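These notes concern the structure reproduced below.
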Amino acid sequence: MKILKRIFIWCRNLLIVLFLFSIAAVTVYKYVPVYYTPLMFIRLHEKKAKEIKHEWVSLSKISQPVIQAVVASEDNRFMEHHGFDHEQIRKAIDDAQNGRRIRGASTISQQTAKNVFLWPGKNLFRKGLEVYFTLLTEWIWGKKRIMEVYLNSIEMGQGIYGIEAAAQVYFDKHAWQLTRNEAALLAAILPNPLARNPLKPSPYIQKRQADILSLMRKIETVDMGYRNSK
(Lines give C-alpha, C1' and ligand atoms only; values in the text may rest on other atoms or scores of the structure.)
Protein backbone atom coordinates (compact mmCIF):
# COMPACT_ATOMS: atom_id res chain seq x y z
CA MET A 1 0.00 0.00 0.00
CA LYS A 2 2.85 2.36 0.83
CA ILE A 3 4.34 1.78 -2.63
CA LEU A 4 1.01 2.54 -4.32
CA LYS A 5 0.65 5.67 -2.23
CA ARG A 6 4.14 6.81 -3.22
CA ILE A 7 3.40 6.16 -6.88
CA PHE A 8 0.16 8.13 -6.60
CA ILE A 9 1.93 11.06 -4.92
CA TRP A 10 4.72 10.98 -7.52
CA CYS A 11 2.23 10.95 -10.42
CA ARG A 12 0.20 13.74 -8.82
CA ASN A 13 3.29 15.90 -8.34
CA LEU A 14 4.43 15.22 -11.90
CA LEU A 15 1.05 16.30 -13.26
CA ILE A 16 1.16 19.48 -11.19
CA VAL A 17 4.66 20.29 -12.47
CA LEU A 18 3.66 19.62 -16.10
CA PHE A 19 0.53 21.74 -15.68
CA LEU A 20 2.48 24.67 -14.25
CA PHE A 21 5.16 24.28 -16.92
CA SER A 22 2.56 24.37 -19.70
CA ILE A 23 1.02 27.55 -18.27
CA ALA A 24 4.49 29.13 -18.04
CA ALA A 25 5.43 28.10 -21.60
CA VAL A 26 2.23 29.49 -23.12
CA THR A 27 2.60 32.70 -21.12
CA VAL A 28 6.21 33.20 -22.24
CA TYR A 29 5.29 32.63 -25.89
CA LYS A 30 2.66 35.33 -25.63
CA TYR A 31 5.53 37.83 -25.64
CA VAL A 32 8.59 35.97 -27.02
CA PRO A 33 8.92 35.08 -30.73
CA VAL A 34 8.70 31.37 -31.50
CA TYR A 35 11.93 30.77 -33.39
CA TYR A 36 11.84 26.96 -33.32
CA THR A 37 9.06 24.39 -33.17
CA PRO A 38 9.09 20.60 -32.63
CA LEU A 39 8.13 20.05 -36.28
CA MET A 40 11.26 21.83 -37.49
CA PHE A 41 13.51 19.37 -35.64
CA ILE A 42 11.34 16.40 -36.67
CA ARG A 43 11.69 17.34 -40.34
CA LEU A 44 15.46 17.67 -39.98
CA HIS A 45 15.58 14.25 -38.34
CA GLU A 46 13.42 12.79 -41.11
CA LYS A 47 15.84 14.41 -43.59
CA LYS A 48 12.92 16.10 -45.36
CA ALA A 49 14.83 19.36 -45.03
CA LYS A 50 18.56 20.09 -45.04
CA GLU A 51 18.18 23.46 -43.38
CA ILE A 52 15.56 25.63 -41.74
CA LYS A 53 14.44 28.80 -43.50
CA HIS A 54 12.54 30.87 -40.96
CA GLU A 55 12.37 34.56 -40.14
CA TRP A 56 10.04 35.90 -37.47
CA VAL A 57 8.12 39.09 -38.28
CA SER A 58 5.45 40.92 -36.33
CA LEU A 59 1.87 40.77 -37.54
CA SER A 60 2.09 44.40 -38.68
CA LYS A 61 4.78 43.30 -41.18
CA ILE A 62 2.40 40.86 -42.89
CA SER A 63 0.00 42.05 -45.58
CA GLN A 64 -3.72 41.99 -44.84
CA PRO A 65 -4.40 39.75 -47.90
CA VAL A 66 -2.30 37.01 -46.26
CA ILE A 67 -4.51 37.05 -43.17
CA GLN A 68 -7.64 37.08 -45.33
CA ALA A 69 -6.31 34.19 -47.43
CA VAL A 70 -5.52 31.84 -44.53
CA VAL A 71 -8.83 32.64 -42.83
CA ALA A 72 -10.68 31.97 -46.09
CA SER A 73 -8.72 28.79 -46.71
CA GLU A 74 -8.28 27.27 -43.27
CA ASP A 75 -10.80 28.72 -40.81
CA ASN A 76 -13.41 31.24 -41.97
CA ARG A 77 -14.97 31.38 -38.50
CA PHE A 78 -11.64 32.15 -36.80
CA MET A 79 -12.78 35.44 -35.28
CA GLU A 80 -16.03 33.92 -33.99
CA HIS A 81 -15.11 30.62 -32.31
CA HIS A 82 -13.16 30.02 -29.10
CA GLY A 83 -10.71 27.49 -30.48
CA PHE A 84 -13.03 24.91 -32.03
CA ASP A 85 -15.45 25.23 -34.94
CA HIS A 86 -18.32 23.03 -33.75
CA GLU A 87 -20.17 23.46 -37.05
CA GLN A 88 -17.24 22.05 -39.04
CA ILE A 89 -16.78 19.26 -36.50
CA ARG A 90 -20.42 18.23 -36.94
CA LYS A 91 -20.04 18.28 -40.73
CA ALA A 92 -16.88 16.16 -40.50
CA ILE A 93 -18.70 13.61 -38.31
CA ASP A 94 -21.66 13.51 -40.73
CA ASP A 95 -19.31 12.97 -43.68
CA ALA A 96 -17.56 10.12 -41.88
CA GLN A 97 -20.85 8.45 -40.96
CA ASN A 98 -22.13 8.72 -44.54
CA GLY A 99 -18.96 7.35 -46.08
CA ARG A 100 -17.95 10.62 -47.71
CA ARG A 101 -14.39 11.96 -47.81
CA ILE A 102 -13.49 13.14 -44.32
CA ARG A 103 -12.92 16.90 -44.28
CA GLY A 104 -10.47 18.65 -42.00
CA ALA A 105 -12.03 20.46 -39.07
CA SER A 106 -8.93 21.84 -37.36
CA THR A 107 -9.06 25.57 -36.69
CA ILE A 108 -6.14 27.97 -36.95
CA SER A 109 -6.05 27.94 -33.15
CA GLN A 110 -5.70 24.15 -33.11
CA GLN A 111 -3.04 24.17 -35.82
CA THR A 112 -1.07 26.81 -33.92
CA ALA A 113 -1.21 24.82 -30.67
CA LYS A 114 -0.04 21.71 -32.54
CA ASN A 115 2.74 23.52 -34.42
CA VAL A 116 4.24 25.21 -31.37
CA PHE A 117 3.81 22.72 -28.54
CA LEU A 118 3.25 19.26 -30.03
CA TRP A 119 4.23 16.79 -32.73
CA PRO A 120 2.39 15.39 -35.79
CA GLY A 121 0.06 12.51 -34.99
CA LYS A 122 -3.55 11.44 -34.68
CA ASN A 123 -3.65 9.28 -31.55
CA LEU A 124 -6.06 10.20 -28.76
CA PHE A 125 -3.35 11.26 -26.31
CA ARG A 126 -1.88 13.81 -28.72
CA LYS A 127 -5.34 15.05 -29.72
CA GLY A 128 -6.16 15.48 -26.05
CA LEU A 129 -3.05 17.61 -25.58
CA GLU A 130 -4.02 19.60 -28.67
CA VAL A 131 -7.40 20.40 -27.14
CA TYR A 132 -5.72 21.45 -23.89
CA PHE A 133 -3.15 23.74 -25.54
CA THR A 134 -5.80 25.19 -27.88
CA LEU A 135 -7.92 26.25 -24.92
CA LEU A 136 -4.84 27.59 -23.15
CA THR A 137 -3.64 29.71 -26.09
CA GLU A 138 -7.14 31.06 -26.74
CA TRP A 139 -7.35 32.08 -23.08
CA ILE A 140 -3.83 33.51 -22.65
CA TRP A 141 -2.90 34.73 -26.14
CA GLY A 142 -6.07 35.92 -27.84
CA LYS A 143 -6.77 36.00 -31.59
CA LYS A 144 -4.14 38.52 -32.64
CA ARG A 145 -1.26 36.59 -31.06
CA ILE A 146 -2.58 33.25 -32.30
CA MET A 147 -2.64 34.57 -35.87
CA GLU A 148 0.83 36.08 -35.48
CA VAL A 149 2.34 32.81 -34.22
CA TYR A 150 0.44 30.77 -36.80
CA LEU A 151 1.73 32.81 -39.72
CA ASN A 152 5.26 32.63 -38.35
CA SER A 153 5.36 28.91 -37.58
CA ILE A 154 3.31 27.25 -40.32
CA GLU A 155 5.16 24.85 -42.63
CA MET A 156 5.26 26.27 -46.17
CA GLY A 157 7.55 23.85 -48.00
CA GLN A 158 10.63 21.72 -47.45
CA GLY A 159 12.53 23.53 -44.69
CA ILE A 160 10.39 26.65 -45.12
CA TYR A 161 8.51 27.92 -42.06
CA GLY A 162 6.47 31.07 -41.72
CA ILE A 163 5.02 33.46 -44.24
CA GLU A 164 8.10 35.73 -44.34
CA ALA A 165 10.40 32.89 -45.39
CA ALA A 166 7.81 31.68 -47.91
CA ALA A 167 7.47 35.16 -49.42
CA GLN A 168 11.24 35.44 -49.83
CA VAL A 169 11.77 31.92 -51.23
CA TYR A 170 8.83 31.85 -53.65
CA PHE A 171 8.39 35.51 -54.64
CA ASP A 172 11.65 37.23 -53.63
CA LYS A 173 9.81 39.79 -51.51
CA HIS A 174 8.73 40.41 -47.93
CA ALA A 175 5.47 39.27 -46.35
CA TRP A 176 4.13 42.83 -46.19
CA GLN A 177 4.54 43.10 -49.98
CA LEU A 178 2.47 40.02 -50.90
CA THR A 179 -0.48 40.68 -53.21
CA ARG A 180 -3.93 39.10 -53.00
CA ASN A 181 -3.09 36.61 -55.76
CA GLU A 182 0.20 35.63 -54.13
CA ALA A 183 -1.40 35.32 -50.70
CA ALA A 184 -4.18 33.12 -52.09
CA LEU A 185 -1.64 30.96 -53.92
CA LEU A 186 0.36 30.38 -50.74
CA ALA A 187 -2.81 29.55 -48.83
CA ALA A 188 -3.79 27.14 -51.62
CA ILE A 189 -0.82 24.85 -50.94
CA LEU A 190 -2.08 24.23 -47.41
CA PRO A 191 -2.49 21.82 -45.72
CA ASN A 192 0.03 19.80 -47.77
CA PRO A 193 2.91 22.18 -48.52
CA LEU A 194 5.51 19.41 -48.92
CA ALA A 195 3.72 18.04 -51.98
CA ARG A 196 2.66 21.36 -53.53
CA ASN A 197 4.72 24.14 -55.08
CA PRO A 198 3.18 27.61 -55.58
CA LEU A 199 5.68 28.29 -58.38
CA LYS A 200 4.38 25.27 -60.30
CA PRO A 201 0.69 25.21 -59.40
CA SER A 202 -1.34 22.26 -60.64
CA PRO A 203 -4.84 22.78 -62.06
CA TYR A 204 -6.18 21.80 -58.63
CA ILE A 205 -4.08 24.47 -56.89
CA GLN A 206 -5.11 27.08 -59.46
CA LYS A 207 -8.78 26.28 -58.84
CA ARG A 208 -8.22 26.35 -55.09
CA GLN A 209 -6.51 29.74 -55.44
CA ALA A 210 -9.53 31.08 -57.36
CA ASP A 211 -11.90 29.73 -54.70
CA ILE A 212 -9.85 31.37 -51.93
CA LEU A 213 -9.83 34.70 -53.79
CA SER A 214 -13.61 34.51 -54.06
CA LEU A 215 -13.94 33.83 -50.33
CA MET A 216 -11.52 36.65 -49.54
CA ARG A 217 -13.86 39.13 -51.19
CA LYS A 218 -16.64 37.98 -48.87
CA ILE A 219 -14.48 38.08 -45.75
CA GLU A 220 -13.03 41.53 -46.51
CA THR A 221 -10.74 42.87 -43.77
CA VAL A 222 -9.90 40.64 -40.80
CA ASP A 223 -9.65 43.16 -37.96
CA MET A 224 -6.63 42.40 -35.78
CA GLY A 225 -6.61 45.80 -34.11
CA TYR A 226 -3.76 47.25 -36.15
CA ARG A 227 -2.96 48.56 -39.62
CA ASN A 228 -0.49 46.70 -41.84
CA SER A 229 2.58 48.71 -42.67
CA LYS A 230 6.26 48.31 -43.32
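The values are calculated or read from the model by the stated rules, or taken from the named source; none is laboratory data. None of the values given here were measured: they were computed from a predicted structure. FYI the Cβ positions are ideal-geometry reconstructions off the backbone, even for glycines, and counts take in every protein chain you see. To get the accessible areas, we keep the full protein, side chains included, count just its heavy atoms, and leave off ligands, DNA and RNA. Shrake-Rupley method; radii C 1.70, N 1.55, O 1.52, S 1.80 Å.
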Taking I67, is it open to solvent by less than 10 Å² (accessible area, probe 1.4 Å) and either modelled with pLDDT of 90 or more or in a helix (DSSP H, G or I) (or both)? yes
So, in segment 180-230, how many residues would count as being at pLDDT below 90, of a type in the set (K, R) and not in a helix (DSSP H, G or I)? 2
Pairs, please: C-beta under 6 Å, at least 6 apart or cross-chain, first residue on the phi < 0 side of the Ramachandran plot and in segment 171-198, second outside any loop (DSSP other than H, G, I, E, B) and of a type in the set (F, W, Y)? E182/F171; P198/Y170
Suppose we keep only residues that are over 14 Å from I67 (Cβ atoms) and among the aromatic types (F, W, Y) within segment 134-176. Which one would you say is surrounded by the most Cβ atoms within 10 Å (Cβ to Cβ)? Y161
Pairs needed: first member in segment 18-37, on the phi > 0 side of the Ramachandran plot; second member anywhere, open to solvent by 50 Å² or more (accessible area, probe 1.4 Å) and in a loop (DSSP other than H, G, I, E, B); C-beta distance under 9 Å; at least 6 residues apart or different chains. none
What's the number of the only condition in (1) under 21 Å from L136 (Cβ atoms); (2) at pLDDT below 90; (3) surrounded by fewer than 18 Cβ atoms within 10 Å (Cβ to Cβ) that G99 fails to meet? (1)
Only residues in segment 76-88 that are on the phi < 0 side of the Ramachandran plot count as the first member; pair them with residues that are buried (at least 17 other Cβ atoms within 10 Å of the Cβ) and among the small types (G, A, S), Cβ under 8 angstrom, at least 6 apart or cross-chain, and list the lot. F78/S109; H81/S109; F84/S109; D85/A105; Q88/A105
Can V17 be described as within 21 Å of G142 (Cβ to Cβ) and open to solvent by less than 100 Å² (accessible area, probe 1.4 Å)? no
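This table checks each residue for (1) in contact with a His (Cβ under 8 Å, 6 or more places away or on another chain); (2) charged (D, E, K, R); (3) under 24 Å from K30 (Cα atoms).
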site	(1), (2), (3)
I163	no, no, yes
Q177	no, no, no
N181	no, no, no
A184	no, no, no
K218	no, yes, no
From the set of residues in segment 102-133 that are open to solvent by 80 Å² or more (accessible area, probe 1.4 Å) and at pLDDT 85 or above, which is nearest to the chain's Cα centre (by Cα)? W119
